[in-house]
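The values are calculated or read from the model by the stated rules, or taken from the named source; none is laboratory data. Not measured: the values here are computed from a predicted model. Positions of Cβ are backbone-derived with ideal geometry, glycine not excepted, and every protein chain shown enters the neighbour counts. Note: accessible area is taken over every heavy atom of the protein model, side chains too, but ligands, DNA and RNA are not part of it. Shrake-Rupley method; radii C 1.70, N 1.55, O 1.52, S 1.80 Å.
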Amino acid sequence: MLKTLLEERKRSRAVRDLKVVGSAAEPVFDRFVAAAAAAFNAPVALISLIHGEEQWFKAAHGLVIDCIPRADGFCGHALDCPDVLEVLDPCADPRFAQLPNVVGDPYVRYYIGARLQRTDGTSVGALCVVDTRARTAASADQKAYLSSLARQVTRALEDRMERRIPEAAR
């Protein structure tokens, strides 16, 4: 319990330090979600950040969405997966079967997400691909590509943060 509380505080601080929650859309992040959706031939891809009890979206392809409760999403579960989290049948998985986006619009039937892990090891969110139709498991190459894109997203987030720190503060 204490370990989890400390990890959540560290995660929230790491997300807050990125100064990205609530920021406007940025083309660099839009390109990442477009590339992820194309690689999986899927209608939806998202970059999410987990901050407290919210799942906030920095970029979205195929959906118009800003934020949902953390408990209503998949990406919080991807934070602690050493590999990608792939859910082939959310309706049959007790963790996800009753989520609003599974039982209602957009009727998620497939999810794959790779965590966004900062250089200090803190997982802050996920790059994910979502489909509204059932799919077979992703190939090893697709999983590796998604993980690689997630590392690039994290690097872009940290580079963005570094550019915003005034020179005098360094």
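Tabulated values for the structure
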{"item": "Any hit, the stretch 78-94, residues being within 17 Å of LYS58 (Cα to Cα) and open to solvent by less than 20 Å² (accessible area, probe 1.4 Å)", "result": "yes"}
{"item": "Among residues of the stretch 41-68, those that are touching an Asp or Glu at 6+ places or on another chain (Cβ under 8 Å), closer than 12 Å to VAL130 by Cβ and surrounded by 20 or more Cβ atoms within 10 Å (Cβ to Cβ), counted", "result": "4"}
{"item": "Test: ALA71 is assigned to a helix (DSSP H, G or I), surrounded by fewer than 22 Cβ atoms within 10 Å (Cβ to Cβ) and either free of Cβ contacts under 8 Å to residues at least 40 places away in the same chain or β-branched (Val, Ile, Thr) (or both)", "result": "yes"}
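Table: residues versus (1) β-branched (Val, Ile, Thr); (2) touching a Phe, Trp or Tyr at 6+ places or on another chain (Cβ under 6 Å); (3) in a strand (DSSP E or B).
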| residue | (1), (2), (3) |
| --- | --- |
| ALA45 | no, no, yes |
| LYS58 | no, yes, yes |
| ILE65 | yes, yes, no |
| LEU127 | no, no, yes |
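Quick grid of which residues meet (1) out of contact with any Leu (no Cβ under 7 Å at 6 or more places or on another chain); (2) open to solvent by 10 Å² or more (accessible area, probe 1.4 Å); (3) modelled with pLDDT of 95 or more; (4) not in a loop (DSSP other than H, G, I, E, B):
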{"site": "TYR107", "(1), (2), (3), (4)": "yes, yes, yes, no"}
{"site": "ILE112", "(1), (2), (3), (4)": "no, no, yes, yes"}
{"site": "ALA138", "(1), (2), (3), (4)": "yes, yes, yes, no"}
{"site": "ASP141", "(1), (2), (3), (4)": "yes, yes, yes, yes"}
{"site": "ALA144", "(1), (2), (3), (4)": "yes, yes, yes, yes"}
{"site": "SER147", "(1), (2), (3), (4)": "yes, yes, yes, yes"}
